[in-house]
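Beneath this line is the structure, given in structure tokens, with notes to follow.
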Amino acid sequence: MPPRLRRLPHRSAGPFTLALARTPRARLLGLAGLRGVPPGTALVLGGTRSVHTCGMRFALDLVWLGRRGEPLRVDEGVGPRRLRACRGARAVAECRAGEGRALAATLRAGGSTLS
């Protein structure tokens with residue numbers, strides 16, 4: 001796991017490790033500039049309804065989360081330099097392309113609390 005993510009608080013969700021970006025700096029940096037994230041790792045950005053992928057080097061799956069952490073929608077294979085939004089979202093989990101559906105299913109099954 002990249003050192004930037006290792007320093008963040010974590011939660012487990014089945015086979016996934018969720019790094020929680022709670023500070024303004026962690027939210028600003030996000031996954032930008034990293035070469036990738038390990039399988040089964042996601043970054044959760046709370047309090048947001050939109051994200052951009054400027055500065056990204058790889059595609060992401062975005063799992064949009066509602067008020068109680070329930071998955072609302074999955075945007076798959078979002079490439080660099082894109083903007084995505086989800087009106088009803090309260091948070092988003094960013095993970096490797098191809099892992100979004102599995103993460104959403106895990107969260108739907110009650111695999112974690114994000115608080």
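Please give the peptides 41-51, 81-91 ranked by average Cβ packing (other Cβ atoms within 10 Å per residue), highest first, as a rough proxy for protection. Kindly include the intermediate steps, with their values, before the conclusion.
Numbers: 41-51: 19.2, 81-91: 15.2.
Per-residue mean Cβ counts within 10 Å order the peptides as 41-51, 81-91.
Here the simple spin-label model places points 7 Å from the Cα toward Cβ, and for Ala109 and Leu34 these points are separated by 2.4 nm.
Restricting to Cα atoms and excluding each atom paired with itself, what does the Kirkwood estimate give for the chain in Å? Each step should come with its number before you reach the end.
Working: mean 1/r = 0.0735 Å⁻¹.
Averaging 1/r across every pair of different Cα atoms and inverting gives 13.6 Å.
Per the 1.4 Å probe, what fraction of the accessible area of the stretch 1-110, in percent, lies on carbon and sulfur atoms? Present the calculation step by step, with values, prior to reporting the outcome.
Working: 2980 of 5870 Å².
Carbon and sulfur together cover 51 percent of it.
So how much slack lies between Arg67 and Ser50, counting 0.36 nm per residue of separation and subtracting their Cα-Cα distance, in nm?
Working: separation 17, 0.36 × 17 = 6.12 nm, distance 1.48 nm.
Between Arg67 and Ser50, full extension yields 4.6 nm more.
The values are calculated or read from the model by the stated rules, or taken from the named source; none is laboratory data. These numbers come from a predicted model, not from an experiment. In this analysis, Cβ positions are derived from the backbone assuming ideal geometry, glycine residues included, and neighbour counts consider all displayed protein chains. These area figures cover heavy atoms from the full protein model, side chains too; ligands, DNA and RNA do not enter into them. Shrake-Rupley method; radii C 1.70, N 1.55, O 1.52, S 1.80 Å.
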